[in-house]
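Working notes, beginning with the structure itself.
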Amino acid sequence: MSQENVEVVKRVQVSGVDLVELFKASTPPDPSATGIDVTAFDSEFESEFITRRAFGSMRPSVSRGLLGFAESWRDWLEPWASYYIEAEEFIDAGDEVVSLTRVRARTTRDAVAIEHRPGAVWSLRDGKIVRVRFFLERDEALEAAGLLE
């Protein structure tokens, strides 16, 4: 079922999109406009933003459901004027899939350009996404999925 899990994640991992534009509306984005297959998510879906190395031992922010997911992204994107994301690789890790992305962003204050390569670990059960954990550093995502020693 692992390759099927990769295909599920590919249907929901946005790429070639400025997330600030996508999430700037006061209401959650229309899934049909984003290309995200909302049927891929379990009804008890959870998402976390984990920022350990960048900000010390911060507690992850856990959100529930697609509305919580969208709200967490809005919070994360608050200081950014743009946050352009591109998917680079999907790695099969059994019941999990690691997506590696590249982000080119610009801050709202002083228009500072930033580029980084984050990762996410998507956990699936019965072909549905039950949890996603976003990491600022891709090696943290690989480690969380048991792919990095």
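Could you tell me which residue of the stretch 112-138 is nearest to residue 3 (Cα to Cα), considering only residues that are aliphatic (A, V, I, L, M) and free of Cβ contacts under 8 Å to residues at least 40 places away in the same chain?
121
Does the stretch 71-85 contain any residue that is small (Gly, Ala, Ser) and at pLDDT 90 or above?
Yes: one or more hits.
Output the residues belonging to the stretch 130-144 that are more than 12 Å from the chain's Cα centre (by Cα) and more than 19 Å from residue 102 (Cα to Cα).
130
Does residue 54 count as among the aliphatic types (A, V, I, L, M), within 17 Å of the chain's Cα centre (by Cα), within 23 Å of residue 82 (Cα to Cα) and at pLDDT below 85?
Values: among the aliphatic types (A, V, I, L, M): yes; within 17 Å of the chain's Cα centre (by Cα): yes; within 23 Å of residue 82 (Cα to Cα): yes; at pLDDT below 85: yes.
Criteria met by residue 54.
Scanning the stretch 106-130 for residues that are touching a Leu at 6+ places or on another chain (Cβ under 9 Å) and part of a strand (DSSP E or B), which turns out modelled with the lowest pLDDT?
116
The values are calculated or read from the model by the stated rules, or taken from the named source; none is laboratory data. Predicted, not measured: the structure shown is a model, and the values here were computed from it. Glycine gets a Cβ as well: all are built from the backbone with ideal geometry, and neighbour counts include every protein chain shown.
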